[in-house]
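Below you'll find the structure, written out as structure tokens, and then a few comments.
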Amino acid sequence: TPEGTTTVFGQSYPRDDYTNCTPSILDKMDRQLHLNPAHPLGILKHLIFDQFPGYAQLDTLSPVVSTQANFDSLLIPADHPSRSKHDAYYLNRTTMLRSHTSAHQVEVMRQAQHKAFLVAADVYRRDEIDASHYPVFHQMEAVRLVSPQDIKAGTIEREIDRMKGRIQEVGVISTDDSLLDQQVQHSTALQPEHDPRTVALVTEHIKTSLNYWVAGIFGRIQHLQPAMESKSSKLPVRWIEGSFPFTTPSWEMEVMFQGNWLELCGCGIMKQQLLRDAGLDDHIGWAAGFGLERLAMVLFDIPDIRLFWSQDPRFHSQFQPGQITRFVPFSKYPPCLKDVSFWLPTETSFHENDFMDVVRDVAQDLVEDVKLVDRFVHPKTQRTSLCYRIVYRSMDRSFTNDEINLVQEKLRQEVTQRLGVSLR
Ligand code: PHE
């Protein structure tokens, strides 16, 4: 019901001034694309799971989490931008749709006492509208804890050697280690409770584990990538110094693919506070998180992120479990461009992501792209006017002008009602 509560998976959540989940978002929650073994996201999930033998696989954790799990448990400060209600979807002040799979790190360690696990899940973020952004996407988290006995017994070194041997056999990766080594020695990033030699070993383990899965995935598509077979035949990997509230030191892993550096993954040594909170303080851990859509789009050659949500058999019939194949687009339908212009009530009461959510609610997946094309301040009244250009284009059918005019008319009504703007 609009007033009192929002019901999700049969549970009711009281609404308050933070509530901002729209019906079109709530409708997506039961799709669970990553659980379909013949969907590109499910295929990719399985292939990545296979690259982490012995890790527990968790892919059915509920997307409804507490703000404590999503933020506080990860030491994300109270004023961090990711907490803003303009960036995250809230059921109310204390309950939200997870904005990343890291939300489960502490809970899984504490409750299951897993020392090695993977989480694959749908995550929710308010964002702009274009071919690579969608308010629901999928992430995978990898967490590995190392005990003092693991170190004493040489388990970690043996694992590293085994993975390195396999990476060499596949022969896809070329990585420049000098950057990484410099950063580990960079003492400010080290946590006071950690022995630098242990950190160096665990860092080697992160780096090798991530190289290993990337080699495993990209090794499969070598035959699809003539550029990789030619002269260098290697996939360059680089590590950029990163920053996350719950890891230090931290890195971002990038691979050079089809001429671009593709940001694959954020990772780092877990802050020891997380392990203390999970009752595993005698361990040291690393965590890594990566988005599945961007990678699936390059591997399967999928040009628009909305296609993942399509129910069209012409999309689904192209994919089989366990296989990365290139998507053959069905014909591209013509776009229809419409502008909407309005005066803002006041400068500060308007947030672009509120507008994006109204567009998503009204136009659903008929909208391909939304851009601000003009901004204008009236010299006398000082009021601000914005003009947005909306590109309507269906992924799977053609539509009539009348149909789009109706959608646009509905959009004009809804923006006035929901955002308090005045149309021009
Ligand atoms: N959760 C982070 C994100 O969504 C990624 C991350 C995971 C970084 C684990 C470090 C360790 O951006």
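Values quoted throughout were computed directly from the atomic coordinates according to the rules given, and no laboratory measurement underlies them. Note that the structure is predicted; figures quoted are calculated from it, not measured. Quick reminder, even Gly has a Cβ in these numbers, built from the backbone with ideal geometry, and neighbours come from all protein chains shown.
Put +1 on the Cβ of each Lys and Arg and -1 on the Cβ of each Asp and Glu in segment 59-182; which of 66, 160, 82 then has its Cα farthest toward the positive end of the dipole? Value: 66. Between amide H atoms placed 1.01 Å from N, distances below 5 Å from residue 121 occur with 139, all of them 5 or more places distant or on a separate chain. Can you compute the label reach from residue 403? Point 7 Å from Cα along the Cβ direction, backbone N cut-off under 15 Å, restricted to segment 360-392. What the label zone holds, given the 15 Å backbone N cut-off, is 363-368, 392.
Computed over the chain, the P(r) tail beyond 28 angstrom holds 55 percent of alpha carbon pairs.
How would you classify segment 216-358 from its alpha-carbon gyration tensor, with a ≥ b ≥ c the square roots of the eigenvalues: rounded for a/c under 1.5, else prolate if a/b is greater than b/c, otherwise oblate? Since a/c reaches 1.5 but b/c is at least a/b, the shape of segment 216-358 is classed as oblate.
For residue 36, nonlocal amide neighbours, meaning residues 5 or more places apart or on other chains whose placed amide H falls under 5 Å from its own, are 42.
Using just its DSSP H runs of length 4 or more, each adding -39500 (n - 2.57), the chain gives a mean residue ellipticity at 222 nm of -9500 deg cm²/dmol after division by all residues. Computed extension length for residue 256-residue 87: 57.9 nm, one decimal, from 0.36 nm per residue of separation with the Cα-Cα distance subtracted. Projecting the Cα positions of 395, 385, 355 onto the charge dipole of segment 331-395 (unit charges on Cβ atoms of Lys, Arg, Asp and Glu, taken about the Cα centre) puts 385 furthest along the positive direction.
Taken about its Cα centre, segment 295-379 carries a charge dipole of roughly 380 debye when the Cβ of each Lys and Arg holds +1 and the Cβ of each Asp and Glu holds -1. Rounded to the nearest Å, what's the spacing between the alpha carbon centres of segment 383-424 and segment 1-80? Just the number, please. About 29 Å separates the Cα centre of segment 383-424 from the one of segment 1-80. Computed extension length for residue 62-residue 346: 98.4 nm, one decimal, from 0.36 nm per residue of separation with the Cα-Cα distance subtracted.
Using a/c under 1.5 as the rounded threshold, could you call segment 1-113 rounded, prolate or oblate? The axes a ≥ b ≥ c are square roots of the C-alpha gyration tensor eigenvalues, and prolate needs a/b larger than b/c, oblate otherwise. Oblate is the answer for segment 1-113, as a/c is 1.5 or above yet b/c matches or exceeds a/b. Spin-label model, residue 339 to residue 389: label points 7 Å out along the Cα-to-beta-carbon direction sit 0.9 nm apart.
With a simple spin-label model that places each label point 7 Å from the Cα along the Cα-to-Cβ direction, the separation between residue 130 and residue 238 comes to 2.2 nm.
Assign one of three labels to segment 41-196, namely rounded, prolate or oblate, based on the Cα gyration tensor with a ≥ b ≥ c the square roots of its eigenvalues; rounded applies when a/c is under 1.5, prolate when it is not and a/b is larger than b/c, and oblate otherwise. Prolate. With a threshold of 19 Å on the Cα-Cα distance, the over-threshold entries among 45/164; 207/234; 338/410; 164/234; 164/271 are 45/164; 164/271.
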